[in-house]
1. Could you list, in sequence order, the residues of segment 157-192 that are among the β-branched types (Val, Ile, Thr) and free of Cβ contacts under 8 Å to residues at least 60 places away in the same chain?
2. For segment 58-75: of the residues being aliphatic (A, V, I, L, M) and either outside any helix (DSSP H, G or I) or surrounded by 11 or more Cβ atoms within 10 Å (Cβ to Cβ) (or both), which is modelled with the lowest pLDDT?
3. Scanning segment 42-54 for residues that are assigned to a loop (DSSP other than H, G, I, E, B) and over 15 Å from the mean Cα position of the chain (by Cα), which turns out modelled with the highest pLDDT?
4. Among (1) of a type in the set (Val, Ile, Thr); (2) buried (at least 19 other Cβ atoms within 10 Å of the Cβ); (3) without any contact (Cβ under 8 Å) to a residue 12 or more places away in the chain, where does Thr105 come up short?
5. Given the conditions (1) within 19 Å of His180 (Cα to Cα); (2) among the hydrophobic types (A, V, I, L, M, F, W, C); (3) touching a residue at least 40 places away in the same chain (Cβ under 8 Å), report the number of the one that Ala64 does not fulfil.
Amino acid sequence: MPLTKDDIIYCHDYHPYWLYDDEGRRQRNPECKGTSRVLLDLKNSNGQTWQQTQDSAVRYFVSAAEKEMRARVPLPPTTNIVVVPSSKKDMVSLNLERVAQGLATLFDFKFVKNGLIRTVTVPSAHDGGVRSIPVHIDSIVVSHALPRDGNTVLLLDDVTTTGSTILACKELLKTAGFNHVVPLALCQSVRT
């Protein structure tokens, strides 16, 4: 059975900062407030001046994910947490890793740094990159750092639009022998 966006658990909706009209002109999205702004703080890594804001965003999303997991996703203590890699080769969001580490501490799971690795840069989806599962499957590998003794993986992403990246990662993990892969996105994009 093919994977669909319905296979992903979401904590919140995300309204992008910019909207584009029919002529391609951008304007600020008036719906980008609240959680959407906190997600932008999480994704922003402008150094020390943003540290307090980023810390607050990490705490916010650890709490949101914890609430969602306790309500809907009971997982065994042998669960490994893996972060979906960036669209850039060998990159991952450090703040998303901090959210994963926070969840690992709360649930006594194991956070596996670099459990999935992007081997080739692909254009990011928010910049108009191709949103297809095969593009991601061909550019991401399951690392040897991910222990094969635990069959459950919590797959964590910051935001999804079509879900192609997180679903490709789920497929890669299933192919690598992980029986239970739970994709959790902190936010899902809402297009208005």
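1. Thr161, Thr175, Val181
2. Among those residues, the one meeting the criterion is Val73.
3. In this case the residue turns out to be Ser45.
4. For Thr105, the exception is condition (2).
5. Here Ala64 clears every test but (1).
Yes or no, residue by residue, for (1) surrounded by fewer than 18 Cβ atoms within 10 Å (Cβ to Cβ); (2) touching a strand residue (DSSP E or B) at 6+ places or on another chain (Cβ under 6 Å); (3) in a helix (DSSP H, G or I):
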| residue | (1), (2), (3) |
| --- | --- |
| Gly24 | yes, no, no |
| Leu40 | yes, no, yes |
| Ser56 | yes, no, yes |
| Pro77 | yes, no, no |
| Asn95 | no, no, yes |
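The values are calculated or read from the model by the stated rules, or taken from the named source; none is laboratory data. None of the values given here were measured: they were computed from a predicted structure. No Cβ is skipped: glycine too gets one built from the backbone with ideal geometry, and neighbour counts run over all protein chains shown.
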